[in-house]
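Okay, so here's the structure we're looking at.
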There are 2 protein chains.
Amino acid sequence: MTDEPIALDAMGGDHMPEAAVDGALRAAAEGARVVLVGDEARLRALLRERGGELPIEHAPDVIGMDDPATDVRRRKEASVVVATRMVKAGRAGACVSMGHSGATMAAALLLLGRVRGVERPAILTNIPNARGAFTALIDAGANADCRPSFLQQFALMGDAYARAIYGREAPSIGLMSIGEEPEKGNELTREAHALLARTPGIAFHGNVEGRDLLRGNVDVVVTDGFTGNVMLKLAEGEAKVLFGMVREALRSDLRSKLGGLLAKPALKRVALRLDPAEVGAEPLLGVAGNAFIGHGSSDARAVASGIRTARRLVAADLPARIAEAVKATAAAADGRP
Amino acid sequence: MTDEPIALDAMGGDHMPEAAVDGALRAAAEGARVVLVGDEARLRALLRERGGELPIEHAPDVIGMDDPATDVRRRKEASVVVATRMVKAGRAGACVSMGHSGATMAAALLLLGRVRGVERPAILTNIPNARGAFTALIDAGANADCRPSFLQQFALMGDAYARAIYGREAPSIGLMSIGEEPEKGNELTREAHALLARTPGIAFHGNVEGRDLLRGNVDVVVTDGFTGNVMLKLAEGEAKVLFGMVREALRSDLRSKLGGLLAKPALKRVALRLDPAEVGAEPLLGVAGNAFIGHGSSDARAVASGIRTARRLVAADLPARIAEAVKATAAAADGRP
């Protein structure tokens, strides 16, 4: 595992800096090296309160959820910008932010740049599936309008991810569409299907449908960032609504209440499996460095999970694997060896 | 309520013709007039077996799930074509098919045509929401590639539907996107947002996100048929997966099993609320006549529900309401009174 610490944006997010400090302390207790990036005085005071010690990189500014992502260009002392700059300078192995995801992405693109040959970096998200594993959804929201070639590269990046992180030898890649036949879908998916079908080195499963995201019949689901983001938010929102309905049902009368009490530990395990805080942070793939995006609502547990996820991915050196895959595919398309 | 019967495609679907005959008999017992459209001898035999009586319109052919939708042009004796022709001829108030949805749509477009002024008919689907009501999703899959003006008309059609069926005076209309701000989204949604914001006569809520489909904060969600179909299948698939996980959890040990047994009736009510068979069939809006599409997997209960839904919509005369709304909007855009 690499020796550089994880630079944690300790200011961006709904429950910061408290959740950042508590989460980082938990991660540190597991052996992670973490640098808190943010307002030094506040972070110092919080650490003292907790009786913990962690290095701090001072960043006096923070990009708020309602600020434009383009602010990263001029607000050079914003926590997410400082954290990303540490990765650029080789002083951190990865940056993790639970703040403004557009700003995190913009900072990564601006400061780290793209992996050579990658047209568009994309956000990958782990969706818990029915097989007790995860399905990688890419792109989960970075690119609202896509060309077929972007989707081809999302497949290559998702393939590299699933090999490294899921330990799959030949991860199956599905193209999100509205029918299994290659000609079903919209203009984008029809062209992307043809392109993916002739992409060497990946196990292209063909088209998949909305229901397949949680079924776990493919390892990676490739789609444009508009559809991916809509799916991600629908999947998370539906889990919340359905569990709310179940909770309500288990309060509806005495008999159900008793049943709910008895079944509580088992149902809690299900809820936990579906909780995005279990993964904590998701990678921005295709960037020349390691950048991770977490939920704005992250608590200390989610922060600790996010740091854990980041450490695993840093060790896998995905940027190098992606560079290789993109180069090999381009060479194959040109007929070069 | 209109006097014309409902023409039921008794052959298209996974459990036909049995589910059609049983479902139609149930609906008839509730006072519905239904004509079974399909193989006369088989239907006659089934009716005799059940001891029931219903009129039959003979249709010797049936379009299978794997046949191309364009088959409706030449296979004039297919059950869905015969059923749609009955609507055209004024011999039925509506046709309902649980078969090949593309073929049902193609038959409706070919034989009934579009409401004057409507660019693209669309499929509306009722999604059970957290408020114990339904959210109307339009387009759920008829038009994979859309222009902004199509989405404007989907809003008008959804508005007419929600007024007539949900009984809302000013149904709120949300545009599916990936951020609440008007500029968030893809090229299509940004243009559609501007268009919807200046459409008179509708209560445009603005952009909504994936999580809002089930929240019930808007009455109608407008989107292109690709995104809509992906969402619909994800929402249905996720409900199945989550309930599967809950069921499994309630079998995991003795304590949970006992709890599950006690809570069973309450949990069953939740599952029932989310069951697509409760609505049974969804309307194709913008067609000059009443055409309904149900799940291929429909059983007798879903068929009976579908006939019930069709009767309510026939009574509301949506095609006339849609014609009016489209005309008024076009007039307003031209500056005419």
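The values are calculated or read from the model by the stated rules, or taken from the named source; none is laboratory data. The structure displayed is predicted, hence computed values, not measured ones. Cβ placement follows ideal geometry from the backbone for every residue including glycine, while neighbour counts extend to all protein chains displayed.
General remarks:
- Filtered residues of segment A:288-337 (kept if farther than 30 Å from A:Thr199 by Cα and within 14 Å of the chain's Cα centre (by Cα)): A:Gly294, A:His295, A:Gly296, A:Ser298, A:Ala302, A:Val303, A:Ser305, A:Gly306, A:Ile307, A:Arg308, A:Arg311
- Residue within segment A:177-186 that is facing another protein chain (nearest Cβ under 7 Å), buried (at least 18 other Cβ atoms within 10 Å of the Cβ), part of a loop (DSSP other than H, G, I, E, B) and touching a residue at least 12 places away in the same chain (Cβ under 8 Å) present: yes
- Members of segment B:243-288 found to be among the small types (Gly, Ala, Ser), surrounded by 23 or more Cβ atoms within 10 Å (Cβ to Cβ) and within 30 Å of B:Ala323 (Cβ to Cβ), listed by number: B:Gly280, B:Ala281, B:Gly286
- A:Glu191 surrounded by fewer than 22 Cβ atoms within 10 Å (Cβ to Cβ), more than 10 Å from chain B (Cβ to nearest Cβ), within 16 Å of B:Val230 (Cβ to Cβ) and of a type outside the set (Ser, Thr, Tyr): no
- Total residues in segment B:260-292, condition within 27 Å of B:Arg114 (Cβ to Cβ) and more than 14 Å from every other protein chain (Cβ to nearest Cβ): 14
- Taking helices (runs of 4 or more DSSP H) as the structural unit, those lying wholly within segment B:26-112 and holding at least 3 residues that are within 17 Å of B:Ser298 (Cβ to Cβ) correspond to B:79-88, B:101-107.
- Count - residues of segment B:148-197 that are touching a strand residue (DSSP E or B) at 6+ places or on another chain (Cβ under 7 Å) and at positive phi: 2
- In summary, A:Phe204 fulfils each of the numbered conditions (1) more than 9 Å from chain B (Cβ to nearest Cβ); (2) not in a strand (DSSP E or B) with the single exception of condition (2).
- Residues within segment A:278-294 that are within 13 Å of A:Ile123 (Cα to Cα) and either free of Cβ contacts under 8 Å to residues at least 60 places away in the same chain or not acidic (Asp, Glu) (or both), tallied: 11
- Flag for A:Pro171 being outside the structural domain of A:Asn290 (by TED's automatic domain parsing) and under 27 Å from A:Leu313 (Cβ atoms): yes
- Residues in segment B:214-256 that are more than 7 Å from every other protein chain (Cβ to nearest Cβ), assigned to a loop (DSSP other than H, G, I, E, B) and not acidic (Asp, Glu): 5 in all.
- A:Arg131 meets the conditions (1) at pLDDT 95 or above; (2) in contact with a helix residue (DSSP H, G or I) (Cβ under 9 Å, 6 or more places away or on another chain) in every case but one. The failed one is (1).
- Which listed residue, of A:Ala45, A:Ala32, A:Ala10, is surrounded by 21 or more Cβ atoms within 10 Å (Cβ to Cβ) and assigned by TED's automatic domain parsing to the domain that holds A:His295: A:Ala10
- Tally of residues being modelled with pLDDT of 95 or more, surrounded by fewer than 23 Cβ atoms within 10 Å (Cβ to Cβ) and under 25 Å from B:Leu156 (Cα atoms) across segment B:73-105: 1
- Hits in segment A:291-316 (condition: of a type outside the set (A, V, I, L, M) and either in the same structural domain as A:Ala155 (by TED's automatic domain parsing) or in contact with a Pro (Cβ under 7 Å, 6 or more places away or on another chain) (or both)): A:Phe292, A:His295
- Filtering B:Arg198, B:Arg211 for residues that are among the charged types (D, E, K, R) and more than 10 Å from chain A (Cβ to nearest Cβ) leaves a single hit, B:Arg198.
- Residues satisfying the stated conditions in segment A:113-161, i.e. in a loop (DSSP other than H, G, I, E, B), within 14 Å of another protein chain (Cβ to nearest Cβ) and surrounded by 18 or more Cβ atoms within 10 Å (Cβ to Cβ): A:Arg120, A:Asn129, A:Ala130, A:Asp139, A:Ala140, A:Gly141, A:Ala142, A:Asn143, A:Ala144, A:Cys146
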